[in-house]
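Peer 1: Take this structure, written in structure tokens, and hold onto it; I'll ask about it next.
The values are calculated or read from the model by the stated rules, or taken from the named source; none is laboratory data. Small disclaimer: the values here were computed from a predicted structure and weren't measured. For neighbour counting, all protein chains shown are included, and Cβ atoms are generated from backbone atoms with ideal geometry for every residue, glycine included. Please note that ligands, DNA and RNA were not included when accessible areas were found on the heavy atoms of the full protein model with its side chains. Shrake-Rupley method; radii C 1.70, N 1.55, O 1.52, S 1.80 Å.
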Amino acid sequence: MLTDPFFYAVAIPAVILLGLAKGGFAGIGVVAVPLLALAVSPVMAASITLPILLVQDVVSVWAFRKSWDKGLLILMLPAAAVGVFLGWALAAFVEEAAVELAVGAISVAFALQRLWAERAVKAAAQVEAGPARPWLGALCGAAAGFTSQIAHAGGPPFQIYVLPRRLARDTFIGTSAIFFAVVNWMKVPAYVALGQFTPKVLATAGVLLPLAIASTWAGVWLVRRVPAEGFYKVIYVLLVAVGGKLVFDGARALFF
């Protein structure tokens, strides 16, 4: 088990953010691995995070088990499996920073466009869902699987396709919870094959699990008290922040 005090200084807020994300504040959990990477290698950070995510998934799926969109999952999960496989197969050849930069730039552009569109109407309910475009759903599903395998950063591609569908708040959260619960289990064989689940990693994750569960329930409690009409605006703002963080990290690693 890791004993470095600085590691826990960054791990505690990282796990809380993961819990809030799993509780419904979609997007903010993507900063957890960069936070942990301030104290340990990015590979170890991702390895410690994955068992925590698997436990948090149980809480979030249970909390929103009655609200989810079957059609979106049928469309996006097979594509996500392809993305996870590609992320595992190409990890040795694709720079994580380049993926972070591209996903972050697309996320910021998308979120800013949606925020501008929201200002153009008198109420969020007047915003019509865009065309379904199944090909885009499959592409975003694959991108979510790919970026999730590489950096646990699958949220923005998933949101790019799902947010314009204008799902009910709980349906959006439940669909997201189930999608990423399945994707996270898809990633387990790759981490096992790479020998990442060492006793030190698993013991450290175990120490953080009580906080992970508590913060996930806190997220569930808080998100259900956010007014429905303001929910998507909150998500778009979070997406700008998360996308900006990915752009910064990716650009810094690639060019500086």
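Peer 1: Output yes when any residue across the stretch 1-10 is in a helix (DSSP H, G or I) and buried (at least 20 other Cβ atoms within 10 Å of the Cβ), and no when none is. Please lay out each step first, then the result.
Peer 2: As a first pass, look at the stretch 1-10 and keep what is in a helix (DSSP H, G or I): 5-10.
From what is left, the residues that are buried (at least 20 other Cβ atoms within 10 Å of the Cβ) are none.
So far as the stretch 1-10 goes, no, none of its residues is in a helix (DSSP H, G or I) and buried (at least 20 other Cβ atoms within 10 Å of the Cβ).
Peer 1: Among the residues of the stretch 78-110, which ones are among the β-branched types (V, I, T) and not in a loop (DSSP other than H, G, I, E, B)? Reasoning before the result, please.
Peer 2: Filtering the stretch 78-110 for residues among the β-branched types (V, I, T) gives 82, 84, 94, 99, 103, 106, 108.
Of everything in the stretch 78-110, those that are among the β-branched types (V, I, T) and not in a loop (DSSP other than H, G, I, E, B) turn out to be V82, V84, V99, V103, I106, V108.
Peer 1: Another question, then. Can you pull out the residues in the stretch 119-174 that are outside any helix (DSSP H, G or I), open to solvent by 40 Å² or more (accessible area, probe 1.4 Å) and at pLDDT 85 or above? Full working, then the answer.
Peer 2: In the first step, residues of the stretch 119-174 are kept if they are outside any helix (DSSP H, G or I); the result is 120-123, 127-133, 152-154, 166-168.
From the residues that got through so far, the ones that are open to solvent by 40 Å² or more (accessible area, probe 1.4 Å) too are 120-123, 128-129, 131-133, 166, 168.
Correct list: R133, A168.
Peer 1: Next question. What number of residues in the stretch 25-53 are part of a loop (DSSP other than H, G, I, E, B), surrounded by 21 or more Cβ atoms within 10 Å (Cβ to Cβ) and not hydrophobic (A, V, I, L, M, F, W, C)?
Peer 2: Total meeting the criteria: 1.
Peer 1: While we're here: From the list V108, V15, V94, V59, pick out the single residue that is β-branched (V, I, T) and in contact with a Gly (Cβ under 6 Å, 6 or more places away or on another chain). Even if it seems obvious, please write down each step before you answer.
Peer 2: Values: V15 fails: in contact with a Gly (Cβ under 6 Å, 6 or more places away or on another chain); V94 fails: in contact with a Gly (Cβ under 6 Å, 6 or more places away or on another chain); V59 fails: in contact with a Gly (Cβ under 6 Å, 6 or more places away or on another chain).
So the residue among V108, V15, V94, V59 that is β-branched (V, I, T) and in contact with a Gly (Cβ under 6 Å, 6 or more places away or on another chain) is V108.
Peer 1: On to the next question. Under 8 Å between Cβ atoms, which residue pairs at least 6 apart in sequence (or on different chains) link something in the stretch 133-148 that is hydroxyl-bearing (S, T, Y) with a partner that is not in a helix (DSSP H, G or I)?
Peer 2: Correct list of pairs: T147/A153; T147/G154; S148/G154.
Peer 1: Something else: So which residues in the stretch 54-77 are in contact (Cβ under 8 Å) with a residue 60 or more places away in the chain, in a helix (DSSP H, G or I) and more than 28 Å from Q196 (Cα to Cα)?
Peer 2: A63, L72, L73, L75
Peer 1: Also, quick follow-up: Out of (1) open to solvent by 10 Å² or more (accessible area, probe 1.4 Å); (2) within 23 Å of V108 (Cα to Cα), what's the single condition that is false for L209?
Peer 2: (2)
Peer 1: Working carefully through the options I213, I235, find the one that is modelled with pLDDT under 85 and either of a type in the set (K, R) or assigned to a helix (DSSP H, G or I) (or both). Please lay out each step first, then the result.
Peer 2: Numbers: I213 fails: modelled with pLDDT under 85.
Criteria check complete, one pass: I235.
Peer 1: Looking at the stretch 82-98 only, could you name the residues that are among the small types (G, A, S) and over 18 Å from L194 (Cα atoms)? Can you show your working first?
Peer 2: Let us first name the residues in the stretch 82-98 that are among the small types (G, A, S), namely 83, 87, 89, 91-92, 97-98.
Residues satisfying the conditions are A97, A98.
Peer 1: Are any residues in the stretch 65-101 over 26 Å from P189 (Cα atoms) and surrounded by 14 or more Cβ atoms within 10 Å (Cβ to Cβ), and if so, which ones?
Peer 2: Step one: filter the stretch 65-101 for residues over 26 Å from P189 (Cα atoms), giving 66-69, 71, 101.
Passing the criteria: S67, W68, D69, L101.
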